[in-house]
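This report refers to the structure that appears directly beneath it.
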Amino acid sequence: MSELGSPASAAPLRLPEAGRIDRTVTYGFSFNGQRLIGHPGDTLASALLAHGVHQTSTSIKLGRPRGIAAAWAEDPSGLVQIEEPFPEPMLLATTVELIDGLVAHGIPGQGRLAEVPDSARYDARHVHADLLVVGAGPTGLSVALAAARAGARVVLVDEQSEAGGYLLGSNERIDDRPALDWVAAATAELAGFADVLHLQRTTAFGHFHDGYVLALERRTDHLGASAPRNRSRQRVWRIRARHVLIAAGAHERPIVFTDNDRPGIMLAGGARTFLHRYGVLAGRDVVVFTTNDSAYAAAVDLADAGARVHAVVDARAEAPEAWKEECTRRDIPVRTGQVVCGTEGVDRVTAASVASLSDGALGERDRIACDLLLVSGGWNPAVHLFSQAGGRLRYDESLGAFVPGEDREDTTVAGAAAGVLELGECLADGGRAAEAALTALGIRHGGLQAIPAAGTGSGQTPPLVLWRVPDPDGDGTAQFVDLQRDATVADIARAVGAGMRTVEHIKRYTTIGTAHDQGKTSGVIASGIAAELIGRPVGELGTTTFRPPYTPVAFAALAGRDRGSLFDPERTTAVHAWHLSRGAVWEDVGQWKRPRYYPLPGEDMEAAVLRECAAARGGVGILDGSTLGKIDVQGPDAAEFLNRLYTNMMATLKVGSVRYGVMCGADGMVLDDGTVLRLADDHFLAYTSTGGAAAVLEWMEEWLQTEWPDLRVYLTSVTEHWATFPVVGPRSRDVVGAVFPDVDVSNDGFPFMTWRDTTLGGVPVRLARVSFSGELAYEVNVDTWHAQAVWDRLIAAGERHGITPYGTETMHVLRAEKAYPIVGQDTDGTVTPHDLGMAWVVSKKKPDFIGKRSFARGDNQRPDRKQLVALLPEDHDLLLPEGSQVVEGPNLSEPPVPMLGHVTSSYHSAELQRTFALALVKSGRSRIGQVVHVPVGGSLVPVEIREPVLVDPEGARRDG
Amino acid sequence: MQLITCPYCGPREEVEFHYGGQAHVAYPADPSALSDEEWAHYLFFRDNPRGPFAERWVHALGCRRWFNAVRDTATYRFHHIYRLDEPKPETT
Ligand SMILES: [Zn+2]
């Protein structure tokens, strides 16, 4: 198919038959610059092995050649970087499905991200199930079938490209037919159930509380160029299951011996999978080293496929009779009581050293030439998902492995994942597990189903637990435990020698188990070796904690659609488009987009803000204040309710009037502030800060529901219902008067801190005389639907007065000149109203309100509390950085230098023709007129402490 | 992520809820009658047991209603969920 292709004979180790690949289609691909071929159904690893390519790269620390050491995600060494079709680092050759035109190369533990944005789409879906089955091997399929037949809502996920699990890499039989026939029948039957969701290429990677499992589905990579453009590349399935059944199988584990890391050294089951699933002979001259029965199947199958098997080296004293016969029939020598204690070769293993092992001592060494050394040190049940959710493990002496150690209410582990390794027993275990789970779920079922028959085919000789072979002439520096981390037995010995006694410490000291595979082959072995060195049973030492994800997950997949503008909802006001057309520069305030300033051509922020400030103080300005939080408070007890929450008196507020109020926590610290309008006896509208809206509503609900359920009050957020436009400045009366001719806007007719309802073209409008700048100001409130029209009329009417839209920056400067605090900027949860110089807002008449008792605490009476003051730098052009510390000066004393406080707000003032700041300073109010210092850019800058209100301290401007 | 059963809405994802600290710590009837120390105990002192713990939750992104729960702080498991007007269940 591809230009990259060369003749099929270029894959000399591909068998003419066998495997689940499609030989009628040939793919071309490139690896380490070499042009090679493969077929649909191949992984990158199987296609490489078909060419005799074992080495993928060299190791990260020691530069030793490394290759493909397993057939799936447990491979510790065959890492590759994909270049085409899209760059992606740190993938395993064993899990990359081959596509035409793939370009990849091996990497020593570090890859390279794409330099261009990933244009692929990633998404997520939620699904709910009675039963989630993880793994579509023999156990998982029997569970899923039983549950589906009982009518349960089943989700079945499996990480491979097709169902079958271990059966895909074997030649087992079920019901006297090829096992994969049974698999095909099972999946076909499952497909007929409407309530079964069966997902392949889907890895359950995280198991959390209450049956919550995250799974990653790979949806397009295997389709190559033919992938539909509208299909997401990967999908995270958020599965909530009433019961989770883990049938995730088991990982074969290696045995550690000297020079055990050369390319051509592979797990026995891996070679069997390459043979049966991909039709690839991983080598021609084979030595098998095992401690258990399972590796004999690899020896026999490879011999039947044409390989020369020179020895099965069985560390046990006795080999299983049945397997011995099979070997004899094929002229395979079986060497019992022996081990592999070393290897030769550079970029490929060329020979194995074999010696007897008794009482920990190696006998005479014997050299056997080979190009493939298969290893099996037993099987580790894949307990990851069980352990992630808090399931305890126990060490099983007979298996030499950690298995689930407790029953969990909503989780079952079955089959090989529970330490059941025989096919026939797995099928039976699956049936039993399904029955138990359905019973627990209260789903009626027809009792235990007929269990398909499967011969064991192997003997029952118990395995031998052998973590490592003694190092014949070394100190373990070439005995690799974690190939990816180049971590050895010597490293574990050093950790133990340094006093480490737990596997968690040893893991962090040696880095064993911290690579892409998270110790799938190395973790339990490291525990075993450490236990030997420390002299404790491995069951007591335990394993390191299993944490999600089971296999690596790209951040792009976790982010899904939640990126860019969809990362967090953007809230815009009703006149957003107008701001945009006027070139507003935005400030993000919570989720809101607010204009920060509106630069004219050639203006920077400082110039724009000075111009906007001058307009508001000298003529008229207009602000979009729609983002202010608004809470509708209604009910017969609304006045009493607000009285208890605000520090000042709210019950005495007259209908038609407005009052500024402060809310404190029970600790007396300022929580939020804003104005309150009394709309009727039993009806108030409370304004909150933009950022505090949600928290204040929650705060109000908390007190109402948990402490004062007797109060008849109802709270509703109306933030989005009302657009709010303060029209500010000495000319504001002219503008508002022109737009609303039926309202008496004179100071007598419409005094400060009152509100009036009116209409404009039949649309209800509410005006309020409040000021956050100290200037004469009218706040125009209208429902959002009509907001743009009202805004347009205000702008039009203001034109002849030079009405100037201003943003949050100008708003901040104007309010700071008046020392109106911004909660969260000038306060930080340690500031009382008194600290802000606002004792007047704290009622002395009310018997109690939230915070009152705390004001009497000794700590809140201290004279050296930090108090809000203004700072004027002696240099009129110097802008103090917000957050700067305030110190005594003029020189710094020996550290620790006493801190007097810090700058909370700092601006250029058009009105003052200079810079100024607000600061919280110890005993600040009694230090007015004194000079203190602020470190700025390496020098101490003198600043004078001033009364906080710098502009119009008499308040003469407020009424125009 | 846990599934928490709101007494008004039913089981919902944990992210919809906010935690409200220890339950059954009533606001004092007359704070002004308390010593600074007694008031500080109300403000700052809370139990921190390993095991069952009665605590407050609010279904903040749902019905916005507060409720109480007895939860095991070691296993995270919710043993009881009850309305504010219901008594604290006996725990073992
Ligand atoms: Zn609810």
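Can you tell me the FRET efficiency between residue A:477 and residue A:230 if r is taken as the Cβ-Cβ distance and R0 is 51 Å, rounded to the nearest 0.05? List each step's numbers first, then the result.
Details: r = 54 Å, r/R0 = 1.06.
E(calc), rounded to 0.05, equals 0.40.
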Grab the beta carbon distance between residue A:859 and residue A:891, set R0 = 25 Å, and tell me the FRET efficiency rounded to 0.05. 0.20
Read phi for every residue in the range A:769-778 and hand back ³J(HN,Hα) as whole Hz from Karplus 6.51 cos²θ - 1.76 cosθ + 1.60, θ = phi - 60°, with x for Gly and Pro. 8, 10, 9, 10, 9, x, 8, 4, 7, 10
Along the dipole axis of the protein assembly as shown (charges at Cβ: +1 for Lys and Arg, -1 for Asp and Glu; origin at the Cα centre), the most positive-end residue among A:132, A:213, A:876 is A:876
Of the residues A:405, A:438, A:372, the Cα lying farthest along the dipole of the range A:322-465 towards its positive end, which is defined by charges on the beta carbon of Lys, Arg, Asp and Glu, belongs to A:372
Spatially proximal lysines relative to residue A:818 (Cα-Cα < 21 Å; intrachain offsets below 8 disregarded): A:866, A:922
Between residue A:436 and residue A:110, what is 0.36 nm times their sequence separation minus the Cα-Cα distance? Round to one decimal in nm. 112.8 nm
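So, with +1 on the Cβ of K and R and -1 on the Cβ of D and E, and no other charges, what is the size of the charge dipole of the protein assembly as shown about its Cα centre, to the nearest 20 debye? Show your work: numbers first, answer last.
Numbers: 102 positive and 133 negative charges, 179 e Å.
About 860 debye.
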Gain in length, residue A:714 to residue A:61, computed as 0.36 nm per residue apart minus the alpha-carbon separation, to one decimal in nm? 228.4 nm
Between the range A:188-222 and the range B:1-79, the Cα center-to-center distance that results, in Å: 36
What residue among A:534, A:363, A:268 has its Cα farthest toward the positive end of the dipole of the protein assembly as shown, where the charges are +1 on Lys, Arg and -1 on Asp, Glu, each on the Cβ? A:268
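Is it possible to state the helix-based mean residue ellipticity at 222 nm for chain A, with each DSSP H run of 4+ residues giving -39500 (n - 2.57), the sum divided by total residues, to the nearest 500 deg cm²/dmol? What is it? Don't skip to the answer; put the middle values down first.
Working: 21 runs with 201 residues, N = 960.
Calculated from helices alone, the mean residue ellipticity at 222 nm is -6000 deg cm²/dmol.
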Amide H neighbours of residue A:382 at under 5 Å, excluding residues fewer than 5 places away on the same chain, with H built from the backbone geometry, are A:249, A:250, A:251, A:417
Cβ under 15 Å from residue A:696's Cβ, residue A:696 left aside: what net charge do those residues give with Lys, Arg +1 and Asp, Glu -1? -3
Given a Förster radius of 30 Å and the C-beta distance between residue B:76 and residue A:702 as r, what FRET efficiency does 1/(1 + (r/R0)^6) yield to the nearest 0.05? 0.85
By a straight-distance test (C-alpha under 17 Å), which lysines pair with residue A:844 as possible cross-link partners, with residues fewer than eight away in the same chain excluded? A:852
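I'd like to check one number: the per residue accessible area of the protein assembly as shown, probe 1.4 Å, reported in Å² as a whole number.
Working: 43370 Å² over 1052 residues.
With the other protein chains kept in place, the protein assembly as shown gives 41 Å² per residue.
Please sort by residue number the GluC sites (Glu not before Pro) in the range A:383-487 whose DSSP state is loop and whose Cβ has at most 12 other Cβ atoms within 10 Å.
Details: sites: A:397, A:406, A:409, A:422, A:425, A:435; in loops: A:397, A:406, A:409, A:422.
The qualifying sites are A:397, A:406, A:409.
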To the nearest 10 square angstrom, how much accessible area does residue A:755 have with a 1.4 angstrom probe? 30
Ranked from the most accessible area to the least, with a 1.4 Å probe and all protein chains present, what is the order of B:5, A:804? B:5, A:804
State the Cα centre-to-centre distance between the range A:523-547 and the range A:330-409 in whole Å. 16
Quick one: grab the alpha carbon gyration tensor of the range A:49-138, order the square roots of its eigenvalues as a ≥ b ≥ c, and give me rounded if a/c is under 1.5, else prolate or oblate depending on whether a/b is larger than b/c. oblate
Test of the criteria: in chain B, which GluC sites (Glu not before Pro) are in a DSSP loop and have at most 12 other Cβ atoms within 10 angstrom of their Cβ? B:90
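Treat every Asp and Glu Cβ in the range A:557-629 as -1 and every Lys and Arg Cβ as +1, leave all other atoms uncharged, and give the resulting dipole magnitude about the Cα centre to the nearest 20 debye.
Numbers: 9 positive and 10 negative charges, 36 e Å.
About 180 debye.
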With an 8 Å cut-off on Cα pairs and a minimum separation of 6 or more residues, tell me the relative contact order of chain B in percent. 26
Label model pair residue A:547, residue A:175: point-to-point distance (7 angstrom along the Cα→beta-carbon line) in nm is 4.6
Enumerate by residue number the trypsin sites (Lys or Arg not before Pro) in the range A:139-237 meeting two conditions: DSSP loop (anything except H, G, I, E, B), and at most 13 other Cβ atoms within 10 Å of the site's Cβ. A:229, A:231
Cα centre as origin, Lys/Arg/Asp/Glu Cβ charges: the range A:771-845 dipole, Debye: 320
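The values are calculated or read from the model by the stated rules, or taken from the named source; none is laboratory data. Please read these numbers as outputs of a predicted model, since none were measured by experiment. Positions of Cβ are backbone-derived with ideal geometry, glycine not excepted, and every protein chain shown enters the neighbour counts. Accessible surface is based on the protein model in full, side chains and every heavy atom, while ligands, DNA and RNA are left aside. Shrake-Rupley method; radii C 1.70, N 1.55, O 1.52, S 1.80 Å.
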